[in-house]
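Data first, discussion second: the structure below is written as structure tokens.
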Amino acid sequence: MIRSLFDTPNSYSSPKIIAHRGASAFEPENSLPAFEAAGKCGVWAIETDVHKTADGKLVCFHNKRVDGLTDGEGVIADMTFDELRARHITVGNNVAAYTPDELRIPTFEQYLEVCARYGAVPFIELKTNIAEETLFYVRKYGLEDHCVYSAVKFEPLECVRALSDRVFIHHIFSNEERIPRLVELGYSGMSFKIAELDDVPDVLVEHVHAAGVKVCFRAADTPELVRRAIDMGVDYVPSNKVFGLN
């Protein structure tokens, strides 16, 4: 099977930057304006977190609760879609520039539409095991060969792989003990909970690559750190502030 996400290497001229929660340095995180801004910047991937409402709708939001980032309170899984859409994002960069309607919590379909329109890779973090529901829409938008599924817990990734051998899977806050299982699952990557590039062991990237697994580290939030990560051989770079090197 042809794998397209890594046909070209991570490089200064074509950096594989992941816009964490969209272009959250410019717009409110995980909002449609943040996804749009990231797409316009030409990032390789746009990251979001996906949750399911009580009536089965998929939405993009970081936390399981809407408290603190919206004008409401509550657990997304306990709220209907209509109840959730009555809430508005009230915290974040440039939030005052948008109408309440523009600051509704986005649906997963709206996010995928933005990714598809700009050619950005959807970098989908699952907080719960909703692999089947999300994959339905990924396939609807023709993105099965052009997406990443990520999770802190391993079980959602195993479920995704059981449903598709075409999506790339990424384990967050991983460790070297997980490498054999990632090799078994195939077409996979991992990130380590190492905050500073100075703290990355000299042979770690080479060790992961030797097993056939891709690798990245914590967010690189300056152009210098993005370039340094690329020089280290990192395969993709999450960032909260850097969305291009040109």
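So THR128 passes all but one of these: (1) within 15 Å of the chain's Cα centre (by Cα); (2) modelled with pLDDT of 95 or more. Which condition number does it fail?
(2)
From the list GLY22, GLY56, which one is buried (at least 21 other Cβ atoms within 10 Å of the Cβ) and in a loop (DSSP other than H, G, I, E, B)?
Just one listed residue meets the conditions, GLY22.
Do we have any residue at all in the stretch 6-24 that's modelled with pLDDT under 95 and of a type in the set (S, T, N, Q)?
Yes - at least one qualifying residue is present in the stretch 6-24.
Assess whether GLU177 counts as being in contact (Cβ under 8 Å) with a residue 12 or more places away in the chain and among the charged types (D, E, K, R).
Answer is no for this residue.
Considering only residues that are buried (at least 20 other Cβ atoms within 10 Å of the Cβ), among the aliphatic types (A, V, I, L, M) and within 19 Å of THR134 (Cβ to Cβ), which ones fall in the stretch 71-111?
ILE76, MET79, LEU84, ILE105
Conditions: (1) under 24 Å from LYS127 (Cβ atoms); (2) outside any helix (DSSP H, G or I); (3) at pLDDT 95 or above. ARG218 meets all but one. Number of the miss?
(3)
Residues of the stretch 112-122 being part of a helix (DSSP H, G or I) and surrounded by fewer than 24 Cβ atoms within 10 Å (Cβ to Cβ), which ones?
Once the filter is applied, which keeps residues that are part of a helix (DSSP H, G or I) and surrounded by fewer than 24 Cβ atoms within 10 Å (Cβ to Cβ), the stretch 112-122 yields GLU113, VAL114, ALA116, ARG117, TYR118.
Out of the stretch 201-228, which residues are within 14 Å of VAL242 (Cα to Cα) and either among the aromatic types (Phe, Trp, Tyr) or free of Cβ contacts under 8 Å to residues at least 40 places away in the same chain (or both)?
Residues satisfying the conditions are ARG218, ALA220, ASP221, THR222, PRO223, GLU224, LEU225, ARG228.
Residue check, ARG228 against (1) out of contact with any Ser or Thr (no Cβ under 8 Å at 6 or more places or on another chain); (2) under 15 Å from PHE173 (Cβ atoms), all met but one. Which one?
(2)
Going through the stretch 223-244 one residue at a time, which ones are part of a loop (DSSP other than H, G, I, E, B) and either in contact with a Lys or Arg (Cβ under 7 Å, 6 or more places away or on another chain) or basic (Lys, Arg) (or both)?
Selection gives ASP235, TYR236, LYS241.
Condition test on ASP7, is it over 22 Å from ILE172 (Cβ atoms), surrounded by fewer than 18 Cβ atoms within 10 Å (Cβ to Cβ) and without any contact (Cβ under 8 Å) to a residue 12 or more places away in the chain?
yes
For the stretch 40-53, how many residues are over 14 Å from ASN129 (Cβ atoms), among the aliphatic types (A, V, I, L, M) and part of a strand (DSSP E or B)?
So the count comes out to 2.
Here is a list: THR99, THR80, THR134, THR128. Which entry is under 19 Å from ASP55 (Cβ atoms) and out of contact with any helix residue (DSSP H, G or I) (no Cβ under 9 Å at 6 or more places or on another chain)?
Unique residue meeting the criteria: THR80.
Can you confirm whether the stretch 199-208 contains a residue that is under 20 Å from PHE123 (Cα atoms), crowded, with 20+ Cβ neighbours inside 10 Å and at pLDDT 95 or above?
Checked the stretch 199-208: no residue is under 20 Å from PHE123 (Cα atoms), crowded, with 20+ Cβ neighbours inside 10 Å and at pLDDT 95 or above.
Report yes if some residue within the stretch 59-81 is under 27 Å from ALA220 (Cα atoms), in contact (Cβ under 8 Å) with a residue 60 or more places away in the chain and in a strand (DSSP E or B); otherwise report no.
Within the stretch 59-81, not a single residue is under 27 Å from ALA220 (Cα atoms), in contact (Cβ under 8 Å) with a residue 60 or more places away in the chain and in a strand (DSSP E or B).
The values are calculated or read from the model by the stated rules, or taken from the named source; none is laboratory data. This is a predicted model, so every value here is computed, not measured. A quick note on method: Cβ atoms are made from the backbone with ideal geometry, for glycine too, and the neighbour counts reach across all protein chains shown.
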